[in-house]
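Here is the structure we will look at.
The values are calculated or read from the model by the stated rules, or taken from the named source; none is laboratory data. Computed from a prediction, not measured in an experiment: that's the story for all the values here. Please note: Cβ atoms are built from the backbone with ideal geometry, for glycine as well, and neighbour counts cover all protein chains shown. SASA here: full protein model, heavy atoms, side chains in, ligands and nucleic acids out. Shrake-Rupley method; radii C 1.70, N 1.55, O 1.52, S 1.80 Å.
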Amino acid sequence: MFYDVIIVGGGLAGLRAAIAAFDAGVKVGLVSKIHPVRSHSGAAQGGVNAALGNHPDGHDDTPERHAYDTIKGSDFLADQDAVELMANLAPETIIEFEHWGCPFSRYEDGSIAQRPFGGAGFPRTCYGADRTGLYMLHTCYEQVVKRNIDVLYEHFVTKLAVKNGRCTGVIALNLHTGEFETIAGNAVIFATGGSGRVYSINTTNAHASTGLGLAIPYWAGVALKDMEFIQFHPTGLEGSSILMTEGCRGEGGYLLNNRGERFMKNYVSEKIMELAPRDIVARSIQTEINEGRGFEDHYVHLDLRHLGEQKIKEKLPGIREICLKFKNIDPIKTPIPIHPANHYTMGGIDCDKNGETSLEGFYAAGECACVSVHGANRLGGNSLLDTIVFGTQTGKYVAGMVKGMSQTVDTDALNDGLDAEKDRYRKLQSSEGKANPYDIRNALSKVMNEKIGIFRNETDMKAAVNEIKMLKIKFENLRPIPNTGKFNYDFLWVTEIAGNLDAALAIATGALNRTESRGAHYRIDYNKRLDDEWLKHTLHTYHPSNPEITYKPVTMGKYEPEERKY
Amino acid sequence: MPTFKVFRYNPDKSDPPYFQDYEVPDHKGMTVLEALYYILENLDPTLAFRSSCRMGVCGSCAMHIDGQYGLACETQVASLGNKITIRPLAHMKVIRDMVVDLDPFFAQYEAIKPYLIPQNAPGPREYAQTPRERKKLDILVDCILCASCYGSCPVVGTDEKYLGPHALLKALRFIDDSRDGNTNERLAFVANDAGIFRCHTIFNCQQVCPKDLDPTGAIGKLKMKSLWAKLTGKLKTTG
């Protein structure tokens with residue numbers, strides 16, 4: 001099997017890259033471990049940012065203002081050229097989705113509706129009720145169907161084929177046959193999404209959003225970037241941590257502590273309140289809980305009751321549905337119990353605006369990539385935007401790179417990779433250990449939530465690094481996995497956990513090394529941002545025991561770092 | 001502690017399908033999907049089932065749960081009895097355990113041209129669509145393609161040419177979109193005995209839809225629209 005461009009991942013970034021590359025005239029194959037419409041892009045709720053100026057209070061909004069808000073929100077760690085590109089391309093990219101049929105909500109004049117979101121100077125978040133991701137994902141997949149692009153679904157990519165410093169394809173387990181296959185290509189784009197399942201006991205992310213998509217290139221020598229910056233969403237549903245969109249607060253919802261007080265006034269200006277950026281709101285909620293003003297010591301209330309039945313049913317129907325089904329409460333009548341939950345991986349595969357990485361022929365886009373447009377803290381509504389802007393940019397750029405290139409199938413690299421994966425599969429089956437892989441994953445997730453969470457300190461993080469290393473050793477002695485033939489999910493999850501472990505170690509070592517507080521990385525022992533020393537990106541290079549940490553400069557532009565006040 | 005009676009089948013082996021019992025310690029708020037994960041992770045790593053978002057939006061974990069089609073992730077264990085029977089979706093080939101072959105399901109979805117075919121060439125701004133026009137799509141665009149309706153539909157089970165409730169609902173989603181310009185072609189495609197006229201109006205799809213959508217109603221609406229198009233000479237079909 002040969003494609004000019006192989007795209008791994010069927011969420012918004014992967015689908016949009018596939019469309020861009022296809023439209024540029026090259027042969028595209030999209031490979032995904034789940035069917036594209038099952039991707040976690042579909043779980044995005046609140047909306048996508050673009051300075052369309054449709055909102056009555058947003059007529060003066062501009063891409064420049066969007067870029068400034070994003071850079072300030074990032075605590076000045078984002079690369080300013082990339083942010084400006086994203087903000088400038090946002091309006092046309094959203095309009096294109098609308099032209100493809102995306103069912104956005106509307107104003108009376110027929111234009112796309114927008115709502116206020118955290119850290120934004122104007123209401124610029126375009127939405128379709130609270131199911132924006134679902135609508136965008138399905139719209140994008142519909143365009144893939146229209147183009148009849150090859151989609152290999154339920155093909156689980158486990159390894160890159162690399163020879164002489166060039167990526168020439170991937171090795172994938174075809175779940176439908178239970179056989180490993182090689183897929184050759186002149187370029188590979190990873191669009192594998194986030195890695196929230198590293199924190200599996202408290203994450204908004206899908207089971208599929210593991211660290212493996214980062215770990216596969218990391219193992220092959222590609223650096224990861226800024227992994228210590230993990231976003232905790234302020235409002236995960238108590239217990240299951242299912243996302244309660246920022247749109248709840250955008251539509252006017254309150255956060256209340258156990259005294260019934262809108263406590264955000266104690267942390268930010270009364271003008272901003274609940275719509276401060278996520279890192280600040282998450283810390284505020286956690287502070288309330290830690291200082292005894294939460295409920296049952298672990299949650300606060302997200303109160304929508306004053307919005308009224310009609311507004312809740314019209315603008316937040318999905319939130320109401322989730323509350324009814326998972327919590328048996330109706331937000332029209334009852335406040336929603338919420339706590340912060342792992343939500344987004346700001347870091348990722350080190351790449352530039354074109355998705356280009358240090359490995360020739362290998363590119364990245366979407367949440368698995370780190371361009372970086374989100375820096376130390378992503379603004380709500382910028383993640384869907386990132387996937388479609390950089391999906392398009394990368395797809396186009398890579399198509400240009402491979403166009404006219406002869407079909408270079410490096411059989412050796414592919415076969416070596418194939419043999420290595422078959423060998424790994426066999427060894428896991430004949431393993432003589434005792435350890436349950438899922439106990440290791442649960443222990444890892446506990447370490448990450450407790451020690452590399454919202455508030456961090458040196459003692460905890462040092463302990464976390466050691467514990468992760470111990471878990472990696474335990475992982476070498478697993479109980480055997482079964483040979484089930486088709487759809488061997490135990491093998492799939494065990495492979496994912498291997499990715500989780502190394503992604504976790506990159507997060508922990510990056511966090512331990514960075515002796516400052518910036519965006520989502522907050523240390524109680526170094527609670528100030530230190531630009532002189534730390535206005536730089538972290539690079540993580542894989543070594544089995546100790547990841548190597550280096551740094552590289554942030555691309556600055558017209559915005560000088562300032563104190564981040566809201 | 002409820003017992004899960006779970007359908008097991010591997011067509012590559014000579015054993016016929018069977019049910020296997022697993023005892024799962026439950027807790028408050030536990031979902032059927034969590035119970036299946038408990039089995040996979042602690043009792044039996046050979047169990048095969050699809051899942052991803054665990055919040056009712058990706059559509060992976062549709063199955064037959066104690067007599068009803070639905071999503072495992074949003075079904076509370078506490079809402080069921082002490083003996084809970086889990087089976088795969090019907091009418092599709094079982095690949096292994098709860099994993100069925102969805103290729104025919106997606107082929108039918110693709111057959112209806114599930115993408116906007118715009119009435120007008122796009123300009124620099126969005127197509128204008130009023131809130132009222134958009135509201136017509138409310139009960140149509142929330143489909144997550146989980147195939148609960150498909151598994152529940154007896155016509156799907158007896159006629160492989162039938163387009164199915166999911167594809168017909170999707171056809172109406174585009175016909176009812178003020179921006180789409182392909183209504184007559186779309187109606188012609190569904191107004192025949194492999195499409196809307198094959199529906200026996202049994203309402204199973206409406207009953208099981210985890211998103212409270214109404215494929216039966218959508219098919220009824222398509223019938224009315226086809227009739228009107230036929231009467232006004234816009235529909236060229238003999239179906």
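Heavy-atom surface analysis with a 1.4 Å probe gives chain B a carbon and sulfur content of 53 percent of its accessible area. Relative to the current alpha-carbon distance between A:D150 and A:T177, full extension at 0.36 nm per residue lengthens the span by 7.9 nm. Which residues in region A:85-125 have a backbone N closer than 18 Å to a point placed 7 Å from the Cα of A:K565 along the Cα-to-Cβ line? The answer is A:119-121, whose backbone nitrogens lie closer than 18 Å to the label point.
Within the straight-line cut-off of under 16 Å between alpha carbons, the lysines reachable from A:K271 are A:K565, sequence neighbours fewer than 8 places apart in one chain being disregarded. Each principal axis of the Cα atoms in region A:27-127 has its own extent, and those three values, largest first, are 41, 39, 25 angstrom.
Across region A:270-305, the residues whose backbone nitrogen lies under 20 Å from the label position 7 Å along the beta-carbon direction of A:T459 are A:287, A:290-292.
Size descriptors for region B:99-239: radius of gyration and Dmax over Cα atoms are 15.1, 48 Å. Computed from the Cβ-Cβ distance with R0 of 35 Å, the FRET efficiency linking A:E360 to B:D12 stands at 0.30. Averaging the Cα positions of each part gives two centres, and for region A:431-469 and region B:71-121 these lie 36 Å apart. Among the GluC sites (Glu not before Pro) found in region A:107-206, those both in a DSSP coil and sparsely packed, with 14 or fewer other Cβ atoms within 10 Å of their Cβ, are A:E108. Beyond 30 Å in Cα-Cα separation lie the following of the pairs A:K27/A:K353; A:K325/A:K396; A:K353/A:K403; A:K33/A:K474: A:K325/A:K396. Of the two radii for region A:304-392, the radius of gyration is 1.18 times the Kirkwood radius, both from the alpha carbons; that is the Rg over Rh value. Checked against a 31 Å cut-off, the cross-linked pairs B:K5/B:K211; A:K265/A:K327; A:K311/B:K211; B:K161/B:K221; A:K327/B:K113 give Cα-Cα distances beyond that limit for A:K327/B:K113.
Sorted from longest to shortest, the spans of the Cα atoms of chain B along the three principal axes equal 61, 39, 28 Å. Each Cα pair under 8 Å and six or more residues apart adds its separation to the average, and for region A:173-293 the resulting relative contact order is 17 percent.
Protein-only accessible surface at a 1.4 angstrom probe places the residues B:L227, A:L275 in the order B:L227, A:L275, largest first.
Considering only C-alpha atoms, what is the centroid distance from region A:1-71 to region B:146-212, in Å? With region A:1-71 and region B:146-212 each reduced to a Cα centre, they are spaced 29 Å. Rolling a 1.4 Å probe over the protein chains gives B:Y18 an accessible area of about 110 Å². Each part gets one Cα centre, and for region B:1-54 versus region A:518-566 those centres are 45 Å apart.
When the helices of the protein assembly as shown are scored as -39500 (n - 2.57) per DSSP H run of n ≥ 4 and the total is divided over every residue, the value at 222 nm lands at -10500 deg cm²/dmol.
In this simple spin-label approximation, A:E291 and A:T515 carry label points 7 Å from Cα along the Cα→Cβ vector, and these lie 2.9 nm apart.
Take every Cα pair under 8 Å whose residues are at least 6 apart in sequence, average their separation, divide by the length of chain B, and the relative contact order is 17 percent. Panel values: the protein assembly as shown, Kirkwood radius from alpha carbon pairs, Stokes-Einstein at 4 °C and 1.567 mPa s, translational diffusion coefficient 48 µm²/s. Among the trypsin sites (Lys or Arg not before Pro) found in region A:389-456, those both in a DSSP coil and sparsely packed, with 10 or fewer other Cβ atoms within 10 Å of their Cβ, are A:K434. Dividing the mean sequence gap of close Cα pairs (under 8 Å, 6+ apart) by how many residues region A:304-412 holds gives a relative contact order of 19 percent. Long hydrophobic helices in chain A: the complete DSSP H runs spanning 24 Å or more by Cα along their own axis with mean Kyte-Doolittle hydropathy of at least -0.5 are A:80-99, A:382-402, A:458-475, A:489-513.
In region B:22-66, burial by the other protein chains removes 40 Å² or more of 1.4 Å probe accessible surface, compared with the chain on its own, from B:Y37, B:L40, B:E41, B:P45, B:R50, B:S52, B:R54, B:M55, B:V57, B:C58. Using a 1.4 angstrom probe on protein heavy atoms only, the contact between A and B buries about 5100 square angstrom of accessible area, both sides summed. Extents of region A:441-566, taken as max minus min of Cα coordinates on every principal axis and listed largest first, are 57, 31, 29 Å. Angle of helix B:165-175 to the longest C-alpha principal axis of chain B, folded into 0 to 90 degrees and rounded to 10: 30°. Summing Cβ point charges (Lys, Arg +1; Asp, Glu -1) relative to the Cα centre of chain A gives a dipole of roughly 960 debye. The loop-placed trypsin sites (Lys or Arg not before Pro) in region A:316-364, going by DSSP, that have at most 11 neighbouring Cβ atoms within 10 Å of their Cβ come out as A:K333.
Legend: translational diffusion of region A:284-340 by Stokes-Einstein, Rh = Kirkwood radius over C-alpha pairs, 25 °C, 0.890 mPa s; D = 205 µm²/s. Scanning residues 5 or more positions from A:Y3 or on other chains, those with amide H under 5 Å from its amide H are A:A184, A:G185, A:N186, with H placed 1.01 Å from N in the peptide plane.
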